[in-house]
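The values are calculated or read from the model by the stated rules, or taken from the named source; none is laboratory data. Keep in mind the model is a prediction, meaning the values are calculated, not measured. Please note: Cβ atoms are built from the backbone with ideal geometry, for glycine as well, and neighbour counts cover all protein chains shown.
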């Protein structure tokens, strides 16, 4: 190798060293930046060349800068965000139910039930009173209308929640490209809760195939149990407070961490 070749290798090394300093400076400057992911310079041997029977190297090249993601911490963050959002969703549902029940209001179901009971007791003491009879009928009608209205409102909220779960599960599958068995299982459960058992069967069966191909025995067994419910037109007994995705399955080697 001549002098020019040695100088060329030294020049490449200095350039790579300079780039490495820039990356290190970037990491130091953003050490306390929320959401920043540490970066690392990726290196590879530079192409060599042949001189007669000899193969001579030309040093090193920088091929790019990659982010160093801590898989465990990333999974914990995803799990924490999932639990946080689940708690907010449950709080919203309970708040809406409380408003519908009007538990703290003067027109609550308990108040109307008390009025109806009082009207019946009064009528029992004076069975020939037409005014008390009319009052009992009115109280009973008002109670029945309130129960019917409450039933319709709760059904509507449940349907909206099911649609939201379907949309979120579908979006999660799209973001994960191929769709993991855990996400697909959640989507199948959402279809079943909405009464779309044909879609639930199709989605759960796809999840079962992916679980089998990945040799996830526990997930495969769970999906087979789910399918037995969906074929019978029933919802599978899933715990929505602990959805079957991400960290729990990852800890049992069901799906890889992101």
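Scanning region 34-48 for residues that are surrounded by 14 or more Cβ atoms within 10 Å (Cβ to Cβ) and assigned to a loop (DSSP other than H, G, I, E, B) yields 38, 46.
Being in a loop (DSSP other than H, G, I, E, B), surrounded by 12 or more Cβ atoms within 10 Å (Cβ to Cβ) and modelled with pLDDT under 50, is that true of even one residue in region 212-224? Checked region 212-224: no residue is in a loop (DSSP other than H, G, I, E, B), surrounded by 12 or more Cβ atoms within 10 Å (Cβ to Cβ) and modelled with pLDDT under 50. Among the numbered conditions (1) surrounded by fewer than 19 Cβ atoms within 10 Å (Cβ to Cβ); (2) at pLDDT 85 or above; (3) in contact with a helix residue (DSSP H, G or I) (Cβ under 7 Å, 6 or more places away or on another chain), the only one that residue 209 does not meet is (3). Could you tell me whether any residue of region 23-39 is touching a residue at least 40 places away in the same chain (Cβ under 8 Å) and either under 25 Å from residue 12 (Cβ atoms) or in contact with a helix residue (DSSP H, G or I) (Cβ under 9 Å, 6 or more places away or on another chain) (or both)? Yes. Which members of region 173-197 meet the condition of being in a helix (DSSP H, G or I) and at pLDDT below 75? Answer for region 173-197, where residues must be in a helix (DSSP H, G or I) and at pLDDT below 75: 173, 174, 175.
Being part of a helix (DSSP H, G or I) and modelled with pLDDT of 85 or more narrows it down to one residue among 117, 170, 92; which is it? So that I can check it myself, show each step before the final result.
Numbers: 170 fails: modelled with pLDDT of 85 or more; 92 fails: modelled with pLDDT of 85 or more.
Of 117, 170, 92, the one residue that is part of a helix (DSSP H, G or I) and modelled with pLDDT of 85 or more is 117.
Can we say residue 87 is surrounded by 13 or more Cβ atoms within 10 Å (Cβ to Cβ) and in the same structural domain as residue 183 (by TED's automatic domain parsing)? Judged against the criteria, residue 87 is not a match.
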